1. Would you please name the residue that is farthest from the chain's Cα centre (by Cα), looking only at residues in region A:79-88 that are assigned to a strand (DSSP E or B) and more than 8 Å from chain B (Cβ to nearest Cβ)?
2. Grab the strands (runs of 3 or more DSSP E) fully contained in region A:214-253, keeping just those with 1 or more residues being under 22 Å from the mean Cα position of the chain (by Cα), among the β-branched types (V, I, T) and not assigned by TED's automatic domain parsing to the domain that holds A:R148.
3. B:T137: part of a loop (DSSP other than H, G, I, E, B) and of a type in the set (V, I, T), yes or no?
4. Pull up region B:52-66, narrow it to residues that are over 22 Å from A:L126 (Cα atoms) and crowded, with 16+ Cβ neighbours inside 10 Å, then point me to the one that is farthest from the other protein chains (Cβ to nearest Cβ).
5. Please specify each residue of region A:291-344 satisfying the condition of being over 17 Å from A:Y407 (Cβ atoms) and aromatic (F, W, Y).
6. Please enumerate the residues belonging to region A:254-276 that are in a loop (DSSP other than H, G, I, E, B) and of a type in the set (D, E, K, R).
7. Determine which single condition B:S324 fails, assuming it passes every other condition in (1) in a loop (DSSP other than H, G, I, E, B); (2) within 14 Å of chain A (Cβ to nearest Cβ).
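The values are calculated or read from the model by the stated rules, or taken from the named source; none is laboratory data. Treat the numbers as computed from the prediction; the structure is a model and nothing was measured. Methodologically, a virtual Cβ is constructed for each residue, glycine included, from the backbone with ideal geometry; neighbour enumeration extends over all protein chains shown.
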2 protein chains.
Amino acid sequence: MKKTNTAAIDQDLMAAAGGLIDRRAFLRQGMALGVGGAGLVTSAALAGTGRESWQQVPGLPFSGYGQPSAHEREVIRWVSANSQAPGNGIAWTPLHKLDGIITPSGLHFERHHNGVPQIDPERHTLLLHGLVKRPLTFSMDALLRYPRVSRYCFVECGGNSNAGWNEEPIQTPVGYFHGLASCSEWSGVPLVVLLEEAGVEPEAGWIIAEGADAAAMNVSIPLDKAREDTLVALYQNGERLRPENGYPLRLILPGFEAVLNVKWLSRLQVAREPVMARNETAKYTELLPNGKARQFSFVMEAKSFITEPSPGYRMRGPGLYQISGLAWSGRGRIKRVEVSADGGSSWAEAALQEPVLPQCFTRFRLPWQWDGSPRILKSRATDETGYQQPERAALIAERGRHGYFHYNAIVSWAVASDGSISHVYA
Amino acid sequence: MKKTNTAAIDQDLMAAAGGLIDRRAFLRQGMALGVGGAGLVTSAALAGTGRESWQQVPGLPFSGYGQPSAHEREVIRWVSANSQAPGNGIAWTPLHKLDGIITPSGLHFERHHNGVPQIDPERHTLLLHGLVKRPLTFSMDALLRYPRVSRYCFVECGGNSNAGWNEEPIQTPVGYFHGLASCSEWSGVPLVVLLEEAGVEPEAGWIIAEGADAAAMNVSIPLDKAREDTLVALYQNGERLRPENGYPLRLILPGFEAVLNVKWLSRLQVAREPVMARNETAKYTELLPNGKARQFSFVMEAKSFITEPSPGYRMRGPGLYQISGLAWSGRGRIKRVEVSADGGSSWAEAALQEPVLPQCFTRFRLPWQWDGSPRILKSRATDETGYQQPERAALIAERGRHGYFHYNAIVSWAVASDGSISHVYA
């Protein structure tokens, strides 16, 4: 009973070659594009509709704290940890299974150096000391008396997407390529409020932040950023932070690489210079072709990729599809995302889901009439500063062949005639 | 080592009587208001800082799907179900424990008539029939090919807050008074797209929506609303719907009472007239003092309340606090929330957390210098249509003493000298 729809779409709706349709097409009343996924119903079929088992018996009772359906049990983080030190590794957000911009807290990516500490909030404190007039210590109860603000923003590992540096394109679902990034509503105390209470000395330039994990992870953050928009976050997506995201408190530095967003925050030392910790010298730095190294490359550059369709999906024959994906920039708001269905020769502007927020995931969408022929899909983000996501060759020309961090080049998916999708360098 | 701060705040910062401070005060650089929650640190104390047990051993490994900290085990829904039919009842969102505007999906309120059906999405279908040119049936795979949009909005039970009709003020945490309301990012297919594909006959005026639960819950929705902004939602806060929120699909009618947002949606019948189902005749209607009944009173009116401090909290002595709360309106955006600390004689405008979105929870906040004397706190919301939340006496004058649904009057918390907080009619 399936119908297929390969009828020609009005040419004035076409936005670029390869079947990309104007992003406003679906919003026009009276426009039946014919997705072709529905089945026509006969009156005989209507009369014969049976009742499923779950319609015949009472369902499950109420619960104190709900969980996903058992049918979604494969929508989980993908863990890659050190077998000799299982608390050291990463776990990826399955971005290819999600829609909207919020990452459910249970699926927020993880990066730990020595596992997830089980902190008793009644005993945990935050110490603020160093170049301040009044060193202070805050219990969690005390911190909860301070004014809080909320903001949506992404947190992205500096090493996210680094398979892009590989010689050969990695063939994994997109969440296991770009999913060391997640997006939440964070609520907490602006760090500037605590700094004002302690009284920062004029010679200060940095803050050394340290976590209460067994790695005592520490890193230096610039005082300007600390004063501008850094949060001491206590809540994530409405509830208190999850243990793997820093319970009972963490730093949030909107747009900065995740390693600075110190989890299980226990100490802030105001200092004149950075501490030159392991994670800002041996790691999170990069040797450039000219022999110099990038260090303190905090801001995550504009990035985008198509989540649907993407590797692991299979097209169900020619017809109308919706292309959907994510874009973001550490520099501010996403201004524009363009999509190509012909490998970058022509581009159509995608619709951006409102509200478009700074340093935040932005969902883009565009209708696409696939004619069944091989196609190369790409997306390209531009942020409000005018910065545009580079092609892969341009990124390599600038940063060399031995990059590891901050990979943000345009990504290409090849759609084959049989409906399979693969990652290509094109 | 606690310090207290009862110093006078500059008079030019005062925004209303009772200690309410201008909402912009905390945003001014160089402003140390002195919350008074922090402890001063001596150098002897610094030197003696010990390491907690969780800093000395590796933490827990990565997980596929994360859960809240064990220390937050009391932040759960409060269940009130029929002991003879445990699938019939409600479960409240603990709004008094949350911040921001997102409700974690595990804490979204529940209202079921016959429990939570365990639906296999491979077997579930949506039937669209009645006054249409082409009756259609959609598998979940087919639906997922249609264009989707995302939006943040609240879902609120028409019976939320109805303890407000009681003769005596109910003494419970605010989540168990106003927590049949939750707010999520919903993603799904605009219902208008499916209606266009089926072709609605000109004489149609209503759509009868039915769920696949064992109550076969049904209700009538106006066709205009169905075409305007109704979603067939598949995703909640990024992931697929939770079972208790309609997995694998439900309706979302922004701003309309929750009973119309049919869960486990299995059938949409386009019709000329409403079906006059139980939940739009015997229930969700109200006899007015003039002998007429309110029926099809879909839109949830503007509401607000203070979550912090609120009953169950205890003030820790005089000093500076942040008042925080929630407001929303089914008619559109919240335009203004005012707070009073003197029982309604004077009002100060609270800060609204951006982005302020239509038919969405809106977080408001305001600093408050409590002098330790008894105070009556109130909040009052005004939406973009100019509608203002009424005082309790005005609501009762309009709707009578026997109301049950759509209670949205101003709420008053009495702060006693000992720091305890109670609900009062004042």
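1. A:N82
2. Where strands (runs of 3 or more DSSP E) fall fully within region A:214-253, none carries at least 1 residues being under 22 Å from the mean Cα position of the chain (by Cα), among the β-branched types (V, I, T) and not assigned by TED's automatic domain parsing to the domain that holds A:R148.
3. no
4. Within region B:52-66, the match that is farthest from the other protein chains (Cβ to nearest Cβ) is B:S63.
5. Matches in region A:291-344: A:F296, A:Y313, A:Y321.
6. Result: A:K263, A:R272, A:E273.
7. Answer for B:S324: the failing condition is (1).
Listed here are the residues, each with its yes/no results for (1) closer than 27 Å to A:G100 by Cβ; (2) away from every other protein chain (no Cβ under 11 Å); (3) touching a Phe, Trp or Tyr at 6+ places or on another chain (Cβ under 7 Å); (4) at pLDDT 95 or above.
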{"position": "A:I208", "(1), (2), (3), (4)": "no, yes, no, yes"}
{"position": "A:A216", "(1), (2), (3), (4)": "no, no, no, no"}
{"position": "A:E228", "(1), (2), (3), (4)": "no, no, no, yes"}
{"position": "A:R240", "(1), (2), (3), (4)": "yes, no, yes, yes"}
